[in-house]
Each structure stands twice: as structure tokens, then as C-alpha cells.
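The values are calculated or read from the model by the stated rules, or taken from the named source; none is laboratory data. Every value quoted in this text rests on a predicted model; they were computed, and no experiment measured them. Because the Cβ atoms are built from the backbone with ideal geometry, glycine has one as well, and the counts that use them run over all protein chains shown. Note: accessible area is taken over every heavy atom of the protein model, side chains too, but ligands, DNA and RNA are not part of it. Shrake-Rupley method; radii C 1.70, N 1.55, O 1.52, S 1.80 Å.
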Amino acid sequence: MDALNRAIVERLLLDGRATYQEIGNAVGLSAPAVKRRVDLMLARGEIAGFTVRVDPQAMGWILEGYVEIFCSGIVSPAMLERELGPIPEVVRVSTVTGDADAMVHIMASSMAEIESTVERIRTAAHVVKTRTALVMSRVIDRPGA
């Protein structure tokens, strides 16, 4: 990735809704040139997609936790995505080193919803055990991390 593409990505990270013209003005390119570069970065997988970030409280998610999952056999990231992706309270899934196979970040509006979400995670293929920790407070919370 060259310096111009990095500058374009930095602008998109600041504002994913910025127009190609706005980005072009910031990096010294025309809007069509920015579009071509963004399209190429998408095609090469350098930009994985565009999304929206929501305020968890606006969604009613006042509780958050982390669920370690322990699986039988070898579990692929694709299987984790297929099994856990449809659960709306699952906001991130990461494979990890150590005893657990993956760490699942969940957010919910009530303790009952946390319990229901953990139960749904437990029914995923190959999951044999979970360990859940609830977040009491966020001390450092960097955007985009």
C-alpha cells in the first residue's frame, strides 16, 4: 500500500461517510482517482468493507461481557463466524492463544439477555465449555480498537 492509499484509508477511518471529493481534497487527488483507488483496495482485500459504529447505550446495551469458549476438536474461524455471527449481542469474536479457543465480546440490555446470549453461544457446534466475565467499567476505550 503506497502513501496515498494509506492517506485515503486514514481519512476513511476518521469518517467512513466522507465523499470521494472530500477525501480527494484532503489527499490531493480528484474524486474519480480516489474512487479508483478505493475500488482497487476493496478488490485486493486491503479494505474489508464499510460499517457503522453505534453507541451501545443507544441500542439499549448497558451490560457487556467477555465469554471464553472452549471447543472440542479443531474449530475454524469460519465455523465460529457461521455459528456466532447471527447472534446480535455478539459484537466481536477473536481466536486466542492459551486454554480457550476464542474470546467472544458480548453486549446486552439486561442480565436475562446476557444469560440468553451465553446459552446461545453454548449451543454452537463443538462448544463444550464457556467462562464468562462481565465488565464493571471501561478504563481505556480507544476508538477503532
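Figures for the structure shown
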{"item": "Subset of segment 20-46 that is among the acidic types (Asp, Glu) and either assigned to a helix (DSSP H, G or I) or over 19 Å from the mean Cα position of the chain (by Cα) (or both) - its residue that is nearest to residue 98 (Cα to Cα)", "result": "39"}
{"item": "All positions within segment 94-108 that are surrounded by 13 or more Cβ atoms within 10 Å (Cβ to Cβ) and either over 19 Å from the mean Cα position of the chain (by Cα) or charged (D, E, K, R) (or both)", "result": "100, 101"}
{"item": "Unique residue being open to solvent by 50 Å² or more (accessible area, probe 1.4 Å), modelled with pLDDT of 95 or more, over 30 Å from residue 111 (Cβ atoms) and basic (Lys, Arg) when the list is 36, 17, 11", "result": "36"}
{"item": "Test for residue 48: is it over 17 Å from residue 133 (Cβ atoms), out of contact with any Pro (no Cβ under 8 Å at 6 or more places or on another chain) and either surrounded by 16 or more Cβ atoms within 10 Å (Cβ to Cβ) or of a type in the set (Gly, Ala, Ser) (or both)", "result": "yes"}
{"item": "Residue list for segment 110-125, filter: open to solvent by 90 Å² or more (accessible area, probe 1.4 Å) and either touching a strand residue (DSSP E or B) at 6+ places or on another chain (Cβ under 9 Å) or assigned to a helix (DSSP H, G or I) (or both)", "result": "111, 115, 120, 122"}
{"item": "Number of positions in segment 57-92 that are open to solvent by less than 60 Å² (accessible area, probe 1.4 Å), hydrophobic (A, V, I, L, M, F, W, C) and closer than 14 Å to residue 127 by Cβ", "result": "10"}
{"item": "Residue match in segment 47-61 (condition: assigned to a loop (DSSP other than H, G, I, E, B), in contact (Cβ under 8 Å) with a residue 40 or more places away in the chain and among the hydrophobic types (A, V, I, L, M, F, W, C))", "result": "yes"}
{"item": "Any hit, segment 64-82, residues being touching a residue at least 12 places away in the same chain (Cβ under 8 Å), of a type in the set (A, V, I, L, M, F, W, C) and in a loop (DSSP other than H, G, I, E, B)", "result": "yes"}
{"item": "Count of segment 91-109 residues which are closer than 12 Å to residue 67 by Cβ and not in a loop (DSSP other than H, G, I, E, B)", "result": "11"}
{"item": "Pair list, Cβ < 9 Å and 6+ apart or interchain, from segment 4-29 residues that are closer than 22 Å to residue 54 by Cβ to residues that are modelled with pLDDT of 90 or more and basic (Lys, Arg)", "result": "18/11"}
